[in-house]
1. Which value in nm describes the separation of the simple spin-label points at residue 44 and residue 99, placed 7 Å from the Cα toward the beta carbon?
2. Calculate, for residue 64 and residue 131, the FRET efficiency according to 1/(1 + (r/R0)^6) with r their C-beta to C-beta distance and R0 25 Å; round to the nearest 0.05.
3. Which peptide among 25-38, 64-77 comes first, and what is the full order, when sorted by highest mean count of other Cβ atoms within 10 Å?
4. Order these peptides, 80-86, 151-157, by their mean beta-carbon neighbour count within 10 angstrom, highest first.
5. Between residue 16 and residue 150, what FRET efficiency follows from the Cβ-Cβ distance if R0 is 22 Å, with the result rounded to 0.05?
6. Enumerate the amide H contacts of residue 132 below 5 Å, restricted to partners 5 or more residues apart or on another chain; note that Pro and chain-start residues carry no placed amide H.
7. Take residue 160 and residue 92, extend 7 Å from each Cα along the Cα→Cβ direction, and tell me the distance between the two endpoints in nm.
8. Sorted by mean Cβ packing within 10 Å, highest first, what order do the peptides 39-47, 54-62, 163-171, 136-144 take?
Amino acid sequence: MANRNQLSSVQRSLINPPTYIEYKGARFLIVDAPSNNNLPLYIKEFERWNVTDVVRCCEPTYAKEPLEGKGIKVHDWVYGDGEAPPNHIVDAWLGLIEKRFGGEIGNHDSNEQNSTKDGQKPPCIATHCVAGLGRAPVLVAIALIEEGMSPLDSVVYIRERRRGAINNKQLKYIESYKRRSKGKCIIC
């Protein structure tokens, strides 16, 4: 989990600070939707956390070119507010996790989040919807479930870090979500 100094500077910059979620080597940043006006603040945070990809679950509210200019790939995987993600988005999400974290997911101690063997920060995937309370946390919950966390524990884990995350309809979806990896890491 992030230390207090890392988050305190964010809280002064952004109205709604990012939520860092790390589990078994997978690293995610849940944020609300940037705008063109505050995108530079988000870019600074993305660089701090070594964000390699941003997943937009809502209609675009900013130009993606400034992110792409910094080497951050933007994925537009829009689905309905308050809804569960359709299968094609879940498939794309799991594919991105596999691509970014590869065999390293599930093989790290949670205290090893600050750097890799070569001294570089490990990759992080940022995801957002409008408020960062529904669609984005649902995708992160799916990742946690795929890595072996129980569905309800994944919701608790996220809600402890991001109050108000995941509505009742989405909770029912997460409760019924069936792990695709069948007991082994999807990435390893």
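1. The answer from the label model is 3.0 nm.
2. Details: r = 20 Å, r/R0 = 0.79.
After rounding to 0.05, the efficiency reads 0.80.
3. Working: 25-38: 19.9, 64-77: 14.4.
The peptides rank, most packed first, as 25-38, 64-77.
4. Numbers: 80-86: 15.4, 151-157: 17.4.
Answer by packing, highest mean first, reads 151-157, 80-86.
5. Details: r = 28 Å, r/R0 = 1.26.
The computed FRET efficiency comes out at 0.20.
6. Under 5 Å from the amide H of residue 132 lie the amide H atoms of 33, each far enough along the sequence or on another chain.
7. The two pseudo-label positions are separated by 3.2 nm.
8. Numbers: 39-47: 17.6, 54-62: 19.3, 163-171: 15.6, 136-144: 26.8.
Ranked by mean Cβ neighbours within 10 Å, highest first: 136-144, 54-62, 39-47, 163-171.
Read the figures in this text as sums done on the coordinates, not as results from a lab. All values derive from a computational prediction rather than experimental measurement. Don't worry about glycine lacking a Cβ; one is built from the backbone with ideal geometry, like all the others, and counts go over all protein chains shown.
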